[in-house]
1. Check segment B:125-135 and report whether any residue there is more than 14 Å from every other protein chain (Cβ to nearest Cβ) and either over 20 Å from B:Val83 (Cα atoms) or modelled with pLDDT of 90 or more (or both).
2. Identify, please: which residue in segment B:139-196 is among the small types (Gly, Ala, Ser) and assigned to a helix (DSSP H, G or I) and is, among those, nearest to the other protein chains (Cβ to nearest Cβ)?
3. For segment A:74-145, give me every one of the helices (runs of 4 or more DSSP H) that falls completely inside it and has 1 or more residues that are at the interface with chain B (Cβ under 10 Å from one of its Cβ atoms) and without any contact (Cβ under 8 Å) to a residue 12 or more places away in the chain.
4. Of the conditions (1) crowded, with 23+ Cβ neighbours inside 10 Å; (2) within 12 Å of chain B (Cβ to nearest Cβ); (3) part of a loop (DSSP other than H, G, I, E, B), A:Thr57 clears all except one; give me its number.
5. For B:Leu46, state whether it is at pLDDT 90 or above and surrounded by fewer than 13 Cβ atoms within 10 Å (Cβ to Cβ).
Amino acid sequence: MADISAPVAGAPAVRPARPRGKAYKAFMDGVGANNPVFVQVLGICSTLAVTNVLTNTVVMCLGLVWATAMSNVSVSILRKWIPPRARMIVETLIIAVWVIIVDIVLRAYLPDISRTLGPYVGLIITNCIVMGRTEAFGLSNPPGLAFIDGVSAGLGYSYVLLIIAVIRELLGSGSLAGVKILGGWWTNWSIFVMPSGAFFLLASFIWVVKGVILKEQKK
Amino acid sequence: MSKRIMIIVFTVLVTVVFVSPISLVYLITKPTVELNEQVFLKRSVLYAAGLSVPRVPAQIAELFDTRVEEKSGRPGTPPYYLVKGQDGQPAGYVLLRSGPGLWGEITAAVGFDAGLEKLTGVDFLKQNETPGLGARIGESWFREQFRGKRGPFTTVGEGEPAAENQFDAITGATLTSNFVKDLLNAAVGQVGDLVN
């Protein structure tokens, strides 16, 4: 974190000299006003795919925070050398590297979780949030800020997913992270375990957040 | 022109720089990953044989080595596992069998007693069923219910009492339950030919 409060070399001179303010803004943007899921509506495929069991969601979220932060930092470090025309290739390559490392580590040290997640970890590579952040932020900001931005985009994605996962698993399977919570009286709403249930829930979530919370902020 | 070449040179360079550490991590973890695969297989075979499975990988391997023997079947048939009792006499057999599932192949270890009549256990080695629905075939209650059962099977609803030739299907996963039924019935039908 030391490099955030230090004056950043290479930052355009027009920026106000308040690095802490910038870091704060970079962080709050991802979690709130510029949230990747309910404002930018990115990463929806994985939101639908991995939110029916809480355990999978948690691992997926950790993977995404890691991938977004590290990719954003790597792209940011290389930003002065990356040729504009080849930037997409380089970004994808960098993202793939960080994600594959997660996959390999899971496979070696957490084989059971790696099994249940199956191909979803590898699919973080195609998560639009990661590429979106490297394009929109990493390419034009110093590494420290890029790291904060990556973490915050990841966290912004994570808490939305966790909320949806808790509701889906509780209503759909009567359990949380595989542990039975609701007793025998509860009839599972199977629709919530299936992707269609996630669509319904995510849409309601976006509707509430955009219609009520974000509207109030604008006023 | 030189700009275009620079792009290529840069891309190649970045690829080499980033892919080398991955290859290194891959090579370092490769033995662990292979060991994990072995442990998964041994664990499933022991579970299907009805033996209590230790938690520690080393103990799983030890129990497997003393109690289980891999046998090559007749030419053209897949290998199977001979389970020996404490006295070293044959106590059962475990077959690995694959069949279609909803999204991908299901591979199961199916254990039979020495007389090839009753099941000693069933475990699923590989499955890509829907999490929360079909993937519940991996849950303990589902796998446990096969011990002592006698095929060929039919299914009853989840939670209903099942006879010796029936098992509880999973609510909301009728297709997966039927795929499991077909897979087990195929194993029951063929075990006599495959073993020996």
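1. Pass one, segment B:125-135, residues more than 14 Å from every other protein chain (Cβ to nearest Cβ): none.
Looking for residues that are more than 14 Å from every other protein chain (Cβ to nearest Cβ) and either over 20 Å from B:Val83 (Cα atoms) or modelled with pLDDT of 90 or more (or both), one finds none in segment B:125-135, hence no.
2. Within segment B:139-196, the first condition is being among the small types (Gly, Ala, Ser), and the residues that meet it are B:140, B:148, B:151, B:157, B:159, B:162-163, B:169, B:172-173, B:177, B:186-187, B:189, B:192.
After this cut, where a residue has to be assigned to a helix (DSSP H, G or I) as well, the list is B:140, B:177, B:186-187, B:189, B:192.
On the way: B:Ser140: 11, B:Ser177: 14, B:Ala186: 24, B:Ala187: 22, B:Gly189: 29, B:Gly192: 32 Å.
Taking the candidates together, the pick is B:Ser140.
3. On the way: elements: A:87-109, A:111-117, A:128-136.
Once the helices (runs of 4 or more DSSP H) in segment A:74-145 are filtered for at least 1 residues that are at the interface with chain B (Cβ under 10 Å from one of its Cβ atoms) and without any contact (Cβ under 8 Å) to a residue 12 or more places away in the chain, what remains is A:87-109, A:111-117.
4. Going through (1) crowded, with 23+ Cβ neighbours inside 10 Å; (2) within 12 Å of chain B (Cβ to nearest Cβ); (3) part of a loop (DSSP other than H, G, I, E, B) one by one, A:Thr57 breaks only (3).
5. Working: at pLDDT 90 or above: yes; surrounded by fewer than 13 Cβ atoms within 10 Å (Cβ to Cβ): no.
Considered against the rule, which asks whether it is at pLDDT 90 or above and surrounded by fewer than 13 Cβ atoms within 10 Å (Cβ to Cβ), B:Leu46 comes out as no.
Residue-by-condition table, conditions (1) within 13 Å of chain B (Cβ to nearest Cβ); (2) closer than 25 Å to A:Arg133 by Cα:
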| site | (1), (2) |
| --- | --- |
| A:Ser158 | no, yes |
| A:Leu171 | yes, no |
| A:Gly178 | yes, no |
| A:Gly183 | no, no |
| A:Trp186 | yes, no |
| A:Phe192 | yes, no |
| A:Pro195 | yes, no |
| A:Phe199 | no, yes |
| A:Trp207 | no, yes |
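Residues are listed down the side, and each one gets a yes or a no for (1) among the aliphatic types (A, V, I, L, M); (2) within 17 Å of A:Gly30 (Cβ to Cβ):
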{"position": "A:Gly138", "(1), (2)": "no, yes"}
{"position": "A:Asp149", "(1), (2)": "no, yes"}
{"position": "A:Leu182", "(1), (2)": "yes, no"}
{"position": "A:Asn188", "(1), (2)": "no, no"}
{"position": "A:Gly197", "(1), (2)": "no, no"}
{"position": "A:Ala203", "(1), (2)": "yes, no"}
{"position": "A:Val208", "(1), (2)": "yes, no"}
{"position": "A:Gly211", "(1), (2)": "no, no"}
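For every residue, the table says whether it meets (1) at pLDDT below 85; (2) out of contact with any Phe, Trp or Tyr (no Cβ under 8 Å at 6 or more places or on another chain); (3) of a type in the set (D, E, K, R); (4) buried (at least 21 other Cβ atoms within 10 Å of the Cβ).
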residue: A:Ala11; (1), (2), (3), (4): yes, yes, no, no
residue: A:Pro16; (1), (2), (3), (4): yes, yes, no, no
residue: A:Gly32; (1), (2), (3), (4): yes, yes, no, no
residue: A:Val39; (1), (2), (3), (4): yes, yes, no, no
residue: A:Trp66; (1), (2), (3), (4): no, no, no, no
residue: A:Ala69; (1), (2), (3), (4): no, no, no, yes
residue: A:Lys80; (1), (2), (3), (4): no, yes, yes, no
residue: A:Pro83; (1), (2), (3), (4): no, no, no, no
residue: A:Trp98; (1), (2), (3), (4): no, no, no, yes
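The values are calculated or read from the model by the stated rules, or taken from the named source; none is laboratory data. What you see is a predicted model; the values in this text were computed from it and never measured. Glycine gets a Cβ as well: all are built from the backbone with ideal geometry, and neighbour counts include every protein chain shown.
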